[in-house]
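The values are calculated or read from the model by the stated rules, or taken from the named source; none is laboratory data. In this text the structure is predicted, and so the values were computed from the model without any measurement. Glycine also receives a Cβ, built like all others from the backbone with ideal geometry; neighbour counts cover every protein chain displayed.
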Amino acid sequence: MIKTIPNGVYPTMVTPFTQDNKVDYNGVSQMLEWYAKRGVDGIFAICQSSEIFFLSFEEKLELISFIMKNVPKDIAVIASGHTSDDLEKQIYEANQYIQTGVDGYVFISNRFVNEDEDDSIFLRNIEKAVNAIDEIGLGIYECPYPYKRLMMPQTLHEIAATGRFQFLKDTCGDLELIKAKLDAVEGTGLKIYNAHAGSLLESWKMGCSGYSGVMANFHPEIYGWLCKNFVSEPEKAQQIQDFLGFASLAECQLYPVNAKYYLGLEGLDIGYASRARDAALFIDARKMEIDQMHGTTRLFKKLMSLCN
C-alpha cells in the first residue's frame, strides 16, 4: 500500500557515534524524542546527513530498523540509503530498507547515471529500479555528494507521471527553476520539499510542500511555525525567514559535527564524532560560534513569542 507523505518539516537525521565509532543507539533514541517534542512532521532517515556513504549496508539496515521500531507516533519516516553504484545491488538494498516499514523510499539522483551521461540513461535506469521494488511511495534527493545532479523539469515530469513519486528534496536554491519544476509536476502527486533555507518562504508561496534540510537539526520548531503560519501572518513570517536564512550559514561551518554539538547543547547525551568530517577541526572558535547561535535562537524564539 502506498502511503501519503505529509507536508511539513523533515529533518535530515544525523547519526551519533560512540567513542569506539559504532552507531550510538541511545543517542538515536534521544534524537527521535527531541524531533517529536519539536513538532516535526516527518524524518528523512539514512540520508547524506546520516553519513550513509560512510556506513556499511548492514549498519544502514540496522539503523533504519531501529528507527522504525522506536519512532514516536504520528511522525512519518522516509529513508534513502541509496549509495551503491551497481543497479542490481541498489534494487536489492532498496527492498531491504522498504521491508522495515518506512513510509517512503528516496532515490539519490546521482546514483543512476554518471556525471557525463544524459537524462535518457537516468530515466532508463530509474524505470528499471521502480519496476523492481516493492509498492511504496517514492522520492528523489538531489544529493550533492559525490556530485550534484539536479532534476530538470521535463525529466521530473516523466517520473512523476508514473504515479509512484511523492517527494523531491530540492537542493537547487533557484526559485525560477523551482517554479518550473512545480509546473512540471502539477497534478501528479509529486510534492517538492525545499532544502535551501534562504529561498524557503518564497518557494512555499509558489507551492512547495515543506522543508527537508540540515538546519532542522538545529531549530525545527521555528521551521514548523513558519510552515503552518506563513499565510496567516505574512509580516512575522518574513522576519522569521530572515533569521532562518542567516542562521543557515552554519551549514558552511563543519556540518554534521556542529549539528551534533548543538544537539548536545539541547541536552542530548551524544558526542560530535563523525565519519564524514574530521571532528578535530571543530576547534574552540567554532564551538563558540555554535554556542552563540544556540543562545541567539533561544532569544529569537522568546522575542517572537514562538515557543519555549
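Quickly run through region 42-71 and pick out the residues that are closer than 22 Å to Tyr255 by Cβ and touching a Phe, Trp or Tyr at 6+ places or on another chain (Cβ under 7 Å).
Residues satisfying the conditions are Gly42, Ile43, Phe44, Cys47, Gln48, Phe53, Ile64.
Sort out which residues of region 242-266 are over 17 Å from Gln48 (Cα atoms), in contact with a helix residue (DSSP H, G or I) (Cβ under 8 Å, 6 or more places away or on another chain) and without any contact (Cβ under 8 Å) to a residue 40 or more places away in the chain, and write them in order of number.
Tyr261, Leu265
Go through (1) buried (at least 21 other Cβ atoms within 10 Å of the Cβ); (2) polar (S, T, N, Q); (3) touching a residue at least 40 places away in the same chain (Cβ under 8 Å) one by one and return the number of the condition Gln239 breaks.
Of (1) buried (at least 21 other Cβ atoms within 10 Å of the Cβ); (2) polar (S, T, N, Q); (3) touching a residue at least 40 places away in the same chain (Cβ under 8 Å), only one is false for Gln239: (1).
In the set Gln30, Gln19, which member is among the polar types (S, T, N, Q) and modelled with pLDDT of 95 or more?
One residue alone meets the criteria, Gln30.
For region 21-40, give me each residue that is assigned to a loop (DSSP other than H, G, I, E, B) and surrounded by 15 or more Cβ atoms within 10 Å (Cβ to Cβ).
Answer for region 21-40, where residues must be assigned to a loop (DSSP other than H, G, I, E, B) and surrounded by 15 or more Cβ atoms within 10 Å (Cβ to Cβ): Asp24, Arg38, Gly39, Val40.
If I ask for residues that are assigned to a loop (DSSP other than H, G, I, E, B) and within 16 Å of Trp34 (Cβ to Cβ), which ones from region 262-300 would you list?
Glu266, Gly267, Leu268, Asp269, Ile270, Gly271, Tyr272 - these are the residues of region 262-300 that are assigned to a loop (DSSP other than H, G, I, E, B) and within 16 Å of Trp34 (Cβ to Cβ).
Inspect all residues belonging to region 138-146 and state whether any of them is touching a residue at least 40 places away in the same chain (Cβ under 8 Å), buried (at least 16 other Cβ atoms within 10 Å of the Cβ), of a type outside the set (Phe, Trp, Tyr) and over 20 Å from Tyr10 (Cβ atoms).
no
If I go through region 183-213 residue by residue, how many of them are outside any helix (DSSP H, G or I), in contact (Cβ under 8 Å) with a residue 12 or more places away in the chain and either surrounded by fewer than 21 Cβ atoms within 10 Å (Cβ to Cβ) or of a type outside the set (D, E, K, R) (or both)?
Qualifying residue count for the region: 15.
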